[in-house]
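J.: Input: one structure, supplied below.
Throughout, read-outs are computed from the coordinates displayed, never taken from laboratory work. Keep in mind it's a predicted model, so treat the numbers as computed, not measured. Positions of Cβ are backbone-derived with ideal geometry, glycine not excepted, and every protein chain shown enters the neighbour counts.
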Amino acid sequence: MSKLWGGRFTKDTNKLVEKETASISFDQKLANEDIKGSLAHVNMLATTGTLTKEEAGEISKGLKIVQQKLEEGKLAFSIEHEDIHMNIEKFLIDEIGPLGGKLHTGRSRNDQVATDMHLYLKKHTEDIIELVEATQQAVLNLSSEHVDTILPGYTHLQRAQPISFAHHLLTYFWMLQRDKERLFDSLKRVSGSPLGAGALAGTTFPIDRHQVAKELGFDYVYPNSMDAVSDRDFILEFMSASSIMMMHISRLAEELVIWSSQEFQFIELDDSFCTGSSIMPQKKNPDVPELLRAKTGRVYGNLMGLLTVLKGLPLAYNKDMQEDKEGMFDTVETLEASLMMLAPMIETMTVKKDNMKKAVSEDYSNATDIADYLVTKGVPFRQSHEIIGKIVLYGIDNGKFLLDLTMEEYKKFSDHFEEDIYSVLAPEQVVANRHSYGGTSQQQVREQLKLAEKML
């Protein structure tokens, strides 16, 4: 089959080369964007007089027919036509005849594919932002119900201090907020129009790139034609923001796995987000958060892959850049699917408040509060730190927690202890006392909830 660019060639493309250089197997995902960009391009060609209004009208009509067939699933993409651009053009020519060949006037596949990817990423970035907000809302709703729920806070995965469960959950709200802000900021770079840059040097035709940019909803036009066709920073930036977001999702997923274990039993995931074992009938496996953890790796890989592709490329376009699409598509689809599962998983999980409360009543996570207590009695903190360390060791050796020790036992370590130490050590009071801005006290958490609600 003759190539649309085959005039200069005397031999058919080697079948293996044809297979390996064709991108239609994956870039057909850009079909809608390709047609949208072509319609704007045709309108501009008519406005500038490069095409007659009649020609532009006929081409636009043909493109809309192709669009309708695409929506109805009636288009059969061909590897012989290599990519989405040549396939769409061939479909157009089949519909309206040789006039369809004028569609490509004043542009190249180089600026065309860049435009398609800008349009694709603009749409999906906006979709992902909505999914992030839905996840934030799920976190916010659950947090609102558990301001007074207390669980151990951890450092080094060792119990550190009692905290409000809402305070812990809201950490992920703020992570997602920063993720969302990164995506919003990346839209500034996504919203640039490369169309009309040609292969690399512009075109001799009297095109109006700003008209096309406005019609396609872009905020600005690339001022340098070579930069327009060779820039993939906007994809890298999206992948970078996505990698950070997947890291945050993975951290939350890890905690859901830990919390739902028999050893912790802080939460129970809904059956609809778990699976069983083929051999052990008692098992309820947290497969969804485990998969979210694992999918982080593929998103990281996509970023590193594209960085490596681009690192040594001379200007302007090179065939290497065909490798930019699959990683972008996979990152978009992975992130969207992850967020779609995360929000309902949070909404449907059961929080085991009694188990959390039991945990903070049977540990030494209130030890810091004894040190602070002694400081209020005039003991230097470093000295009080040493005293409490000895008390904790005494408790461990004697099988007692800090609230179990008698006043007589406390007095062995310091005469500064009084009966009020027991109220200070109660988990509820330990949490309530941390009322510095951004702390875990119920008052501060409620203020944090108000701020989070405003952010949404």
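J.: Taking the dipole about the Cα centre of segment 6-105, with the C-beta of Lys and Arg at +1 and of Asp and Glu at -1, give me whichever of 78, 26, 91 is farthest to the positive side.
T.: 91
J.: Could you work out the relative contact order of segment 110-358, using alpha carbon pairs under 8 angstrom and six or more residues apart, expressed as a whole percent?
T.: Relative contact order here is 24 percent.
J.: Treat each spin label as a single point 7 Å out from the Cα along the C-beta direction, and report the residue 65 to residue 244 distance in nm.
T.: With each label placed 7 Å out from Cα toward Cβ, I get 4.9 nm.
J.: Roughly how many debye, to the nearest 20, is the charge dipole of segment 110-358 about its Cα centre, given +1 on each Lys and Arg Cβ, -1 on each Asp and Glu Cβ, and no other charges?
T.: It works out to roughly 620 debye.
J.: Return the distance in nm (one decimal) between the two label points of a simple spin-label model at residue 397 and residue 376, each offset 7 Å from Cα along Cα→Cβ.
T.: Once both label points are built, they end up 2.9 nm from each other.
J.: Aspartates and glutamates near residue 53 by alpha-carbon distance under 18 Å, same-chain residues fewer than 8 away left out - which ones?
T.: 208, 215
J.: A follow-up question, please. Taking θ = phi - 60°, what integer Hz values does the Karplus form 6.51 cos²θ - 1.76 cosθ + 1.60 yield along segment 50-67, in sequence order, with x for Gly and Pro?
T.: Result, rounded to whole Hz: 6, 10, 6, 4, 5, 5, 5, x, 5, 5, 4, 4, x, 5, 5, 5, 4, 4.
J.: DSSP loop (so not H, G, I, E, B), at most 11 other Cβ within 10 Å: list which trypsin sites (Lys or Arg not before Pro) in segment 68-120 pass both filters.
T.: 74
J.: Direction-averaged shadow area of the convex hull around the Cα atoms of the chain, nm²?
T.: That works out to 29.8 nm², a quarter of the Cα hull's surface.
J.: What's the longest bit of the chain with no exposed GluC sites (Glu not before Pro), using DSSP loop states and at most 15 other Cβ atoms within 10 Å as the test?
T.: In the chain, the maximal stretch lacking such sites is 146-262.
J.: Moving to a separate point now. Treat each spin label as a single point 7 Å out from the Cα along the C-beta direction, and report the residue 278 to residue 318 distance in nm.
T.: Inter-label distance under the simple model: 4.5 nm.
J.: May I ask you to list the lysines whose Cα is less than 17 Å away from that of residue 284, ignoring any residue fewer than eight positions away on the same chain?
T.: 352
J.: Once the Cβ-Cβ distance between residue 362 and residue 456 is put in as r, and R0 is 41 Å, what FRET efficiency do you end up with, to the nearest 0.05?
T.: 0.65
J.: Hey, what number do you get for the chain at 222 nm if only DSSP H runs of n ≥ 4 count, each worth -39500 (n - 2.57), divided across all residues, to the nearest 500?
T.: -20000 deg cm²/dmol
J.: Under a 5 Å amide H to amide H cut-off, with H placed in plane at 1.01 Å, what residues pair with residue 208 once short-range neighbours are removed?
T.: Amide H neighbours of residue 208: none.
J.: Next up: I need to check one value: relative contact order of segment 361-455, counting alpha carbon pairs closer than 8 Å and at least 6 residues apart, in percent.
T.: This gives 24 percent for segment 361-455.
J.: Give me a comma-separated list of calculated 3J(HN,Hα) values for segment 430-446, in order, Karplus coefficients 6.51, -1.76, 1.60 applied at θ = phi - 60°, integers in Hz, x for any Gly or Pro.
T.: Going residue by residue, I get 4, 5, 4, 6, 8, 9, 5, 4, x, x, 9, 4, 4, 4, 5, 5, 5 Hz, with x marking Gly and Pro.
J.: Sticking with this one: Relative to the first principal axis of the alpha-carbon coordinates of the chain, what is the inclination of helix 381-398, with its axis defined by its Cα atoms, in degrees from 0 to 90 and to the nearest 10?
T.: Roughly 80 degrees between the two axes.
J.: Between residue 353 and residue 433, what is 0.36 nm times their sequence separation minus the Cα-Cα distance? Round to one decimal in nm.
T.: Full-extension gain reported as 26.8 nm.
J.: Next question. Give me the number: length gained by fully extending residue 104 to residue 12, i.e. 0.36 nm times residue separation minus the C-alpha to C-alpha distance, one decimal in nm.
T.: Taking residue 104 through residue 12 to full extension adds about 30.8 nm, to one decimal.
J.: Still on this structure: Angle check, please: helix 109-144 long axis (alpha carbons) against the longest principal axis of the chain (alpha carbons), in degrees 0 to 90, nearest 10.
T.: Relative to the chain, helix 109-144 is tipped by roughly 20 degrees.
J.: At a Förster radius of 60 Å, what calculated FRET efficiency corresponds to the Cβ-Cβ distance of residue 25 and residue 160, to the nearest 0.05?
T.: Once the sixth-power term is evaluated, E becomes 0.70.
J.: Hey, another quick one. Given a Förster distance of 41 angstrom, what is the FRET efficiency for residue 263 paired with residue 311, based on the Cβ-Cβ distance and rounded to 0.05?
T.: 0.35
J.: Let me ask something else. Please give the length that would be gained between residue 72 and residue 126 if that part of the chain were fully extended, namely 0.36 nm times their separation in residues minus their C-alpha to C-alpha distance (nm, one decimal).
T.: Gain in length upon complete extension: 16.9 nm.
J.: Please list the non-local residues whose amide H lies under 5 Å from the amide H of residue 267, H modeled 1.01 Å from N, same-chain partners needing a gap of 5 or more.
T.: 260, 352
J.: If the cut-off is 23 Å between C-alpha atoms, which lysines fall inside it for residue 377, apart from same-chain ones fewer than 8 positions away?
T.: Excluding near neighbours in sequence, the set is 390, 411, 412.
J.: Can you put 186, 78, 108 in order of Cβ neighbours within 10 angstrom, beginning with the fewest?
T.: Result, fewest neighbours first: 78, 108, 186.
J.: Normalised by the residues of the chain, what does the relative contact order come to in percent, with Cα pairs under 8 Å and at least six apart?
T.: Contact order relative to length: 16 percent.
J.: Right, next: Can you tell me the 0 to 90 degree angle between the C-alpha axis of helix 367-376 and the longest principal axis of the chain, rounded to 10?
T.: 60 degrees
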